[in-house]
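Student: Below you'll find the structure I mean.
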Amino acid sequence: MNTTRKPFGSKPRLSALTLALSLAGASAVAHADELSNPKAAPGNAVTAGATKGSFKLPGADTSVTIGGYVKLDALFSDKSAGVDSVGDQQLSASLIPVGPAAGTHKKDQVTLHARQTRLSLATSTPTNYGEMTTYIEGDFFGDLPNGNESVTNSNGFRIRHAYGTLGNFSAGQYWTNFFNQDAYAETLDFGGPVGEIFVRQAQVRWTQKLAGGEWSVSAENPESVLAVPGSATTFRSDSDHTPDFTGRLKFAAGNGIYSVGLLARNIHVDSGAAPAATSGKWGGAAAVTGIVPMAGKDDLRMNFNAGNVIGRYQVAGFFPDGYLDSAGHIQLAQQISGYVAYRHF
């Protein structure tokens, strides 16, 4: 796990709004416990929760954990990506200026921001079917219509993760199941290495433990991003008919932890405007990751991806998902990517 990405698992107004859903229905159970246990804490007391760093509100059986951090980023870009561009606030490969006129009149840009600052809220409630958990996390990389660097540097709060789990089942927004997020390389820059798979999206997932690891499958939100050969401008088809399907096996071997992920997608377009086309095609991809312990607490992290529908799953949507040929048919292109990172303490 790295320091800028939280694994799948305080403002008073935020807590009240979120806890209303998590704690409803739990008070009756807590009240019954108080009546049967004369040594129970007073009904109006905040008590320690069942997990480290958590607490329970009066009359509730739900453990609540509030988290987050504040971070300042200072960046220098020898060629600016443009006014208010996120390309000057983190590494985004698709926004790097290229060509003979790259960076003209926009050189040596200095940018300071606190947009990575993060807030999170987690709950855990015992049920007859096992522990029920929820997790909500956000940062300030959301866009605002009038946000700029002129006066207030206003930035929008956005959802990173919002999901719940009960036993082996989970649903909500989280890292794609295609990739093992524990293998992410730790980088100071929020953008991460260019070779990584990087998607957070809504999904339903089933995870099953097995000796030395686990397997998981998911159905995730689809979105086809297409391009026309000869043009650098992509467009979204908004005509997706089936979810993206993933399967992943995570296991220990020797002293390392490895994973193999599979991805199946139906890339589809139905457009009456230019480019006019109605076409669809299935494709697949694989992702292999490894975390290998080295000397002391050091480790080596690696990732290799290959397939013809990596597309928007590549960090910052570096690849299109497919291409429209002159006849309006979707063509899929082979894509490969990866990284190797050494983490030293």
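The values are calculated or read from the model by the stated rules, or taken from the named source; none is laboratory data. Here the structure is a predicted model, which is why all the values come from computation and not from measurement. Quick reminder, even Gly has a Cβ in these numbers, built from the backbone with ideal geometry, and neighbours come from all protein chains shown. When the accessible area is computed, the model is the full protein with side chains, heavy atoms only, and any ligands, DNA or RNA have been set aside. Shrake-Rupley method; radii C 1.70, N 1.55, O 1.52, S 1.80 Å.
Student: Could you count how many residues in region 259-272 are open to solvent by 40 Å² or more (accessible area, probe 1.4 Å) and touching a Gly at 6+ places or on another chain (Cβ under 7 Å)?
Tutor: 1
Student: When MET1 is evaluated against the numbered criteria (1) at pLDDT 85 or above; (2) among the hydrophobic types (A, V, I, L, M, F, W, C); (3) under 30 Å from GLY195 (Cβ atoms); (4) under 23 Å from the mean Cα position of the chain (by Cα), which criterion, by number, is the only one it fails?
Tutor: Result: MET1 passes all but (1).
Student: Could I ask something else about it? So which residues in region 163-212 are farther than 20 Å from GLY130 by Cα and not in a loop (DSSP other than H, G, I, E, B)?
Tutor: Residues satisfying the conditions are GLN173, TYR174, TRP175, GLN181, ASP182, ALA183, ILE197, ARG200, GLN201, ALA202, GLN203.
Student: Mind listing whichever residues of region 223-258 are open to solvent by 20 Å² or more (accessible area, probe 1.4 Å) and closer than 15 Å to VAL269 by Cα?
Tutor: The answer is GLU223, VAL228, THR234, PHE235, ARG236, ASP238, ASP240, HIS241, THR242, PRO243.
Student: Pairs needed: first member in region 257-279, closer than 16 Å to ASP325 by Cβ; second member anywhere, open to solvent by 10 Å² or more (accessible area, probe 1.4 Å) and modelled with pLDDT under 85; C-beta distance under 6 Å; at least 6 residues apart or different chains.
Tutor: VAL269/SER237; ALA277/SER271
Residue-by-condition table, conditions (1) of a type in the set (A, V, I, L, M, F, W, C); (2) more than 22 Å from PHE76 (Cα to Cα):
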position	(1), (2)
ALA102	yes, no
LYS106	no, no
GLN109	no, no
GLN116	no, no
LEU119	yes, yes
SER124	no, yes
GLU131	no, yes
TYR135	no, yes
PHE141	yes, no
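Student: Identify the residue in region 288-321 that is in a loop (DSSP other than H, G, I, E, B) and of a type in the set (Phe, Trp, Tyr) and, among all such residues, is farthest from LEU91 (Cα to Cα).
Tutor: The qualifying residue farthest from LEU91 (Cα to Cα) is PHE319.
Student: Where in region 94-152 are there strands (runs of 3 or more DSSP E), lying wholly inside it, with at least 3 residues that are buried (at least 18 other Cβ atoms within 10 Å of the Cβ) and at pLDDT 95 or above?
Tutor: Passing ranges, in order: 118-127, 130-142.
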